[in-house]
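**Q** Here it is: the structure, laid out below.
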Amino acid sequence: MIRTNATVKIDPFTRPCWRWEVAEQLFNEPDRDEIPEDQITRDVLTYLKTGDTSQFPEIHTSLQIFQEDGLRRAELEARILCGQSDSEIAGFCKCTPEVIQVYADLFFCVRDFSHASDWLLKHAVGQPHFYGYRDHNLRQMWNRFGLMVPNEILNWVIQSYYDELKPDDKPTLSIYLRPASRVDLGLQGLIAESIFPNFLSNDRWEHEFVDYFNLTQELPTTEEKNEAVQIYKRDRIKFAYLHLMGKIKNEPFKRKPRKTARRSPAKEISKIRQKLQALESKSP
């Protein structure tokens, strides 16, 4: 039995591209006599049988966007998740509203599942949310923003990337964080914090950064705290960039005995920064 609009709503394993999968299933199993309930799925089946791109230009373009898995797909999906209309997205992505609608129907059917937050997180972001992002996970990062922030913020996140992107650049996350980047420090800091696993890692350096930030909050004055947090952000951004570039390897965390004597936050921060600087100097 093929999937239908009713069955997908009770099946947690349904993927956003389920309509395309139904058409492919029927194409690959021509002896089946089942007929898809949606016109768009029936059109895809005809497209697969005939290969007629002129009869189904929106389907053909949507398939190209999906298979290329580049910036167009990343931006389009994030904007769908954020709740933008087809005409709004078309204006940003320089394609027709009809292409946006067909793409959403065939490859990113998430609008009917807007309240299924766990399902959306699993299928729109996936493993990077739980195990950490790699440099090629730009689409997953934008989708995370699409799930979490309002339109204005998502527009800023995406435009900041395009403002920094150079003609020869590959579409990678590290564009946001590279040295001399013009991207806003606050956005860089948010990206850097988001790159690492959602659950506390067993990596030594993640624990060092947790201690580092907590120490900034122990400083005696607001001015000292604010200055230390800005330095922390820059160190975090630098570390995240080196991590994305594969220049820093994870190290197992070793729990230290708890100190009972009162510590000096400034001195402890200095020690952590010295470790980070030593790590940076050793990176290839």
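**Q** Any residue in the range 242-257 that is more than 23 Å from Gln188 (Cβ to Cβ) sitting within a Cβ distance under 6 Å of a residue that is modelled with pLDDT of 75 or more? List the pairs, counting only those 6 or more apart or interchain.
**A** Pairs that qualify, where the first residue is more than 23 Å from Gln188 (Cβ to Cβ) and the partner is modelled with pLDDT of 75 or more, are Glu251/Arg204; Phe253/Asn202; Phe253/Arg204; Phe253/His207.
**Q** Determine which single condition Phe13 fails, assuming it passes every other condition in (1) assigned to a loop (DSSP other than H, G, I, E, B); (2) in contact (Cβ under 8 Å) with a residue 12 or more places away in the chain.
**A** Checking Phe13 against (1) assigned to a loop (DSSP other than H, G, I, E, B); (2) in contact (Cβ under 8 Å) with a residue 12 or more places away in the chain, the one that fails is (2).
**Q** So Phe56 passes all but one of these: (1) surrounded by 19 or more Cβ atoms within 10 Å (Cβ to Cβ); (2) within 30 Å of Leu165 (Cβ to Cβ). Which condition number does it fail?
**A** (2)
**Q** Any residue that is aliphatic (A, V, I, L, M) and at pLDDT 95 or above - is there at least one of those in the range 194-207? Talk me through it step by step, then tell me what you get.
**A** Applying the first criterion (aliphatic (A, V, I, L, M)) to the range 194-207 yields 195, 200.
Filter once more, keeping what is at pLDDT 95 or above: none.
The answer is no; no qualifying residue exists.
**Q** Among the residues of the range 105-112, are any outside any loop (DSSP other than H, G, I, E, B) and surrounded by fewer than 14 Cβ atoms within 10 Å (Cβ to Cβ)? Let's see the steps before the verdict.
**A** Our first condition is that a residue be outside any loop (DSSP other than H, G, I, E, B); within the range 105-112, this holds for 105-106, 111-112.
Remaining after also requiring surrounded by fewer than 14 Cβ atoms within 10 Å (Cβ to Cβ): 111-112.
Looking through the range 105-112, at least one residue is outside any loop (DSSP other than H, G, I, E, B) and surrounded by fewer than 14 Cβ atoms within 10 Å (Cβ to Cβ).
**Q** Show me the helices (runs of 4 or more DSSP H) found entirely inside the range 113-191 where at least 2 residues are among the basic types (Lys, Arg) and under 15 Å from the mean Cα position of the chain (by Cα). If you could, list the steps in order and put the result at the bottom.
**A** Values: elements: 117-120, 127-131, 138-148, 151-164.
The qualifying helices (runs of 4 or more DSSP H) are 138-148.
So that you can scan it fast, the table gives a plain yes or no per residue for (1) over 30 Å from Arg79 (Cβ atoms); (2) not aliphatic (A, V, I, L, M):
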{"site": "Gly146", "(1), (2)": "no, yes"}
{"site": "Pro150", "(1), (2)": "no, yes"}
{"site": "Gln159", "(1), (2)": "no, yes"}
{"site": "Arg182", "(1), (2)": "no, yes"}
{"site": "Gln188", "(1), (2)": "no, yes"}
{"site": "Glu206", "(1), (2)": "yes, yes"}
{"site": "Val210", "(1), (2)": "yes, no"}
{"site": "Pro220", "(1), (2)": "yes, yes"}
{"site": "Ala240", "(1), (2)": "no, no"}
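**Q** So if I check each of Phe130, Phe56, Phe92, Phe107, which one is touching a Cys at 6+ places or on another chain (Cβ under 9 Å) and of a type in the set (Phe, Trp, Tyr)? Spell out the reasoning first.
**A** Details: Phe130 fails: touching a Cys at 6+ places or on another chain (Cβ under 9 Å); Phe56 fails: touching a Cys at 6+ places or on another chain (Cβ under 9 Å); Phe92 fails: touching a Cys at 6+ places or on another chain (Cβ under 9 Å).
None of the others qualify; the one that does is Phe107.
Here's the yes/no breakdown for (1) part of a helix (DSSP H, G or I); (2) of a type outside the set (Lys, Arg):
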| position | (1), (2) |
| --- | --- |
| Gln55 | no, yes |
| Glu58 | yes, yes |
| Thr61 | yes, yes |
| Arg72 | yes, no |
| Ala78 | yes, yes |
| Glu98 | yes, yes |
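**Q** Check off (1) over 17 Å from the mean Cα position of the chain (by Cα); (2) under 26 Å from Asn151 (Cα atoms); (3) not in a helix (DSSP H, G or I) for Gly83 and give me the number that stays unchecked.
**A** Status for Gly83: all satisfied but (1).
**Q** Follow-up. Specify which of the listed residues (Ser85, Ser114) is over 19 Å from Ile158 (Cα atoms) and assigned by TED's automatic domain parsing to the domain that holds Trp20. Talk me through it step by step, then tell me what you get.
**A** Values: Ser85 fails: over 19 Å from Ile158 (Cα atoms).
The unique qualifying residue is Ser114.
**Q** Could you tell me which residue of the range 201-229 is farthest from Gly132 (Cα to Cα), considering only residues that are in contact with a helix residue (DSSP H, G or I) (Cβ under 7 Å, 6 or more places away or on another chain) and either among the hydroxyl-bearing types (Ser, Thr, Tyr) or not in a helix (DSSP H, G or I) (or both)?
**A** Leu219
**Q** Going by the structure shown, is Met141 within 30 Å of Lys9 (Cβ to Cβ), surrounded by 17 or more Cβ atoms within 10 Å (Cβ to Cβ) and either modelled with pLDDT of 95 or more or among the hydrophobic types (A, V, I, L, M, F, W, C) (or both)?
**A** Numbers: within 30 Å of Lys9 (Cβ to Cβ): yes; surrounded by 17 or more Cβ atoms within 10 Å (Cβ to Cβ): yes; either modelled with pLDDT of 95 or more or among the hydrophobic types (A, V, I, L, M, F, W, C) (or both): yes.
It is true that Met141 is within 30 Å of Lys9 (Cβ to Cβ), surrounded by 17 or more Cβ atoms within 10 Å (Cβ to Cβ) and either modelled with pLDDT of 95 or more or among the hydrophobic types (A, V, I, L, M, F, W, C) (or both).
Matching residues to (1) modelled with pLDDT under 95; (2) of a type outside the set (Gly, Ala, Ser); (3) assigned by TED's automatic domain parsing to the domain that holds Arg273:
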position: Ser160; (1), (2), (3): no, no, no
position: Glu164; (1), (2), (3): no, yes, no
position: Leu187; (1), (2), (3): no, yes, no
position: Asp211; (1), (2), (3): yes, yes, yes
position: Pro220; (1), (2), (3): yes, yes, yes
position: Glu224; (1), (2), (3): no, yes, yes
position: Ala228; (1), (2), (3): no, no, yes
position: Ile231; (1), (2), (3): no, yes, yes
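**Q** Next question, about the same structure. So which of Arg42, Arg15, Arg32 is out of contact with any Cys (no Cβ under 8 Å at 6 or more places or on another chain), at pLDDT 95 or above and either basic (Lys, Arg) or within 23 Å of Phe113 (Cβ to Cβ) (or both)?
**A** Of the residues listed, the single one that is out of contact with any Cys (no Cβ under 8 Å at 6 or more places or on another chain), at pLDDT 95 or above and either basic (Lys, Arg) or within 23 Å of Phe113 (Cβ to Cβ) (or both) is Arg42.
The values are calculated or read from the model by the stated rules, or taken from the named source; none is laboratory data. Worth saying up front: this structure is predicted, and the values here are computed from it rather than measured. All Cβ positions, even for glycine, are placed from backbone atoms using ideal geometry, and neighbour counts span all protein chains on display.
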